[in-house]
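**Student:** This structure is in structure tokens; I'll ask about it shortly.
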């Protein structure tokens, strides 16, 4: 199994600012993903964080708004840039553990933009 | 990616069995059926997965229709701790765990 630590767990931010969310895994993993969960909604995949190359973004998400870093096999960051109230959501990190047959999710970062 | 359809919500009495249905009529031959659940204020957690045959683990059972166009997650004895949103997700055999989440079923367990 993989244990994921996300920081911060929650934050309240001013519109127009940026927030960087960290995802740390206790073991090396091949794939890391970032999801967004808007209030009362299901999860939506933002991007795949690729180690050593640019992230792969899903339709509707762009690098300028959600820059992602993946410097090694255990760590990734997601930045929410130039925030607006519409960015208020829970952001979750997920990893694929190739030794198992399941995905693991962090507890999420609850972001409120005021 | 093939889509799944689940009821928005279900209720169950505590210690009763619960059958959570999922329709996936456009499933391909290489799609695995995964179930995850999301407890309040937590990230999703794995429940069970299968390809063709019924599967059992310590948490639940997964019954897969012969034509694979539907499946049912079975919780044998619901407890209050099982109250969560349950997601049925299809993932290709050769794919990664890049999941497309549907709306899920919110399970309410009554004491």
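**Student:** At residue A:26 and residue B:58, where each label point lies 7 Å from the Cα along Cα→Cβ, what is the point-to-point distance in nanometres?
**Tutor:** 1.6
**Student:** What are the principal axis extents of the Cα atoms in the protein assembly as shown, in Å, biggest first?
**Tutor:** Taking the Cα atoms of the protein assembly as shown, the three principal extents are 49, 39, 31 Å.
**Student:** Could you tell me the calculated FRET efficiency between residue A:14 and residue B:30, based on Cβ-Cβ distance and R0 = 41 angstrom, to the nearest 0.05?
**Tutor:** Values: r = 47 Å, r/R0 = 1.15.
The calculated FRET efficiency here is 0.30.
**Student:** Which value in Å is the Kirkwood Rh of chain A over different Cα pairs?
**Tutor:** 14.0
**Student:** Right, something else. Once R0 is set to 25 Å, what does the formula 1/(1 + (r/R0)^6) return for the Cβ-Cβ distance between residue A:64 and residue B:41, expressed as a FRET efficiency to the nearest 0.05? Mind showing how you got there, number by number?
**Tutor:** Values: r = 31 Å, r/R0 = 1.22.
Computed FRET efficiency for residue A:64 and residue B:41 comes out at 0.25.
**Student:** Sticking with this one: So how do B:98, A:65 line up by other beta-carbon neighbours within 10 Å, fewest first?
**Tutor:** By the 10 Å Cβ count, ascending: A:65, B:98.
**Student:** Along each of its three principal axes, how wide is the spread of alpha-carbon positions in segment A:50-107, in whole angstrom units, largest first?
**Tutor:** Principal extents (largest minus smallest coordinate, Cα): 39, 25, 20 Å.
**Student:** Could I ask something else about it? In whole angstrom, how far apart do the alpha carbon centroids of segment B:30-57 and segment A:48-104 sit?
**Tutor:** Spelled out, the Cα-based centre of one part sits 22 Å from the other.
**Student:** If each residue's Cβ is checked for other Cβ atoms within 10 Å, how do A:75, A:66, A:105 rank with the fewest at the top?
**Tutor:** Arranged by neighbour count, lowest to highest, A:75, A:66, A:105 become A:75, A:66, A:105.
**Student:** Could you list the residues of segment A:25-56 with an amide nitrogen less than 16 Å from a label point located 7 Å from the Cα of residue B:100 in the Cα-to-C-beta direction?
**Tutor:** From segment A:25-56, the list is A:42-48.
**Student:** Still on this structure, I have one more. What number, in nm² with one decimal, is the all-direction average of the projected area of the convex hull of the alpha-carbon atoms of chain B?
**Tutor:** The directionally averaged projection comes out at 6.5 nm².
**Student:** Still on this model: Out of all DSSP beta bridges in chain B, what portion is antiparallel? Express it as a percent rounded to 5.
**Tutor:** So the antiparallel bridges in chain B amount to around 85 percent.
**Student:** State, to one decimal in nm, how far the label point of residue B:15 lies from the label point of residue B:66, with both points 7 Å from Cα in the Cβ direction.
**Tutor:** 3.7
Quick note: the coordinates plus some simple rules give every number you see, no bench work behind them. Quantities reported herein were computed from a predicted structural model and do not represent experimental measurements. A quick note on method: Cβ atoms are made from the backbone with ideal geometry, for glycine too, and the neighbour counts reach across all protein chains shown.
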